[in-house]
1. Calculate one ³J(HN,Hα) per residue across segment 98-105 by plugging θ = phi - 60° into the Karplus curve 6.51 cos²θ - 1.76 cosθ + 1.60, and present them in order as whole Hz with x for glycine and proline.
2. Which whole-number percentage describes the relative contact order of segment 42-180, with Cα contacts under 8 Å and a sequence gap of 6 or more?
3. For segment 42-180, what mean projected area does the convex hull of the alpha carbons give, in nm²?
4. Expressed in whole Å with the largest first, what are the equivalent ellipsoid semi-axes of segment 109-184 derived from the C-alpha gyration tensor as the square root of 5 times each eigenvalue?
5. Applying 1/(1 + (r/R0)^6) with R0 = 41 Å to the Cβ-Cβ distance of Thr73 and Arg182, what FRET efficiency is obtained, to the nearest 0.05?
6. Size of the dipole of segment 128-287 about the Cα centre, Lys and Arg at +1 and Asp and Glu at -1 on the beta carbon, nothing else charged, in debye to 20?
7. Grab the eigenvalues of the alpha-carbon gyration tensor for segment 200-314, scale each by 5, take roots, and send me the semi-axes largest first in whole angstrom.
8. Would you work out the relative contact order for segment 144-268, in percent, from Cα pairs under 8 angstrom that are 6 or more residues apart?
Amino acid sequence: MSPPAQPLGRRAWRQILWITVGALALFLVFRWLPTGTNLSHMDFRATGGNSIEFCDPLNPQFIPVVAVKSPVTMTLAPAGGTAGPLVPGREARFTLTLKTASGKPIAPEDLLVTHTRRLHLLIIDPWLNDYQHVHPEPAARAGDWTFAFTPRREGVYRVFADFTPAVTARGLYAATDVPVGRSGLPAGFTMVLRHEPSWVVERDGLRFALVPAVQPVRARQPVDLKLLITRTGGGAVALRPVMGAFAHLVAFDEARSGFAHLHPTATDPLQPPDAVKPELTFKITIPNAGSYVIWTQLDVGGRETFVPFWFDVEP
């Protein structure tokens, strides 16, 4: 039979007290260390019931950016000699301004680096045929960023911003429109150009296949996607990392009401896939039935490659 436990002495209690006080002091020191940003969590909260919530990167879903209110405003202004209407095939430069709903500028130190960049722009034309992924650079004035892109057709392009505030570490989004050419189409106009569903694309001696785990893809049901790349004549596929992963997928709906930005589900996104038959997996949930496109962005042998896959989502 073991002897009864002895009560703690005064010295032991003092040691426990000092350890507790020290731990609390360390917590407060780390809690109040400057992070480089002057913004707070509340600066990224939009008022009203229909607003964008912070998004979980581990559960990628289609974000209806246009239909809901963002706590961030984004405006574009011509820069670097760009004047008059934008012309297809000609580079245009812009100054992008990001501000919180209360008017505070959002500078580089206010955003985390995600996938090697602080700010991603996903640019798409009205027919979903011209997709470009651009990374603005900070300008001299806080909240201003500069970028350039070359539109390939006329129409009202939609620019989605994808970023992560440092104080929340959760993804947020904003959107605005840019008219190209002299078409005179109103900002909200979308002309539907029907695309036949296609999960396979062959180009430049490569075969790209995006294979859903179940078909048809249904609204509000998570689905796994497998991206397979092979050479039509056999041989290695020289995939290289792009923005910290071996592929990026971006989904748009027909009306460009929002998007989903997908990354490989692998634990280590920089673990090279098979050199001959690379295979990457993704996950997505789409809320509504309709027609969609998923644009795949890859680096094949040092060449940036964008491949579209068209598909329908059933109720």
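Only the coordinates and a few stated rules stand behind these numbers; no lab work does. Just so it is clear, the model here is predicted, and its values are computed rather than measured. Heads up, the Cβs are rebuilt from the backbone with ideal geometry, glycines too, and the neighbour counts pull from every protein chain shown.
1. 10, 9, 6, 4, 8, x, 7, x
2. 27 percent
3. That works out to 8.6 nm².
4. Sorted largest first and rounded, they come to 26, 13, 10 Å.
5. Computed FRET efficiency for Thr73 and Arg182: 0.90.
6. 180 debye
7. 24, 15, 13
8. Once normalised by length, the contact order is 14 percent.
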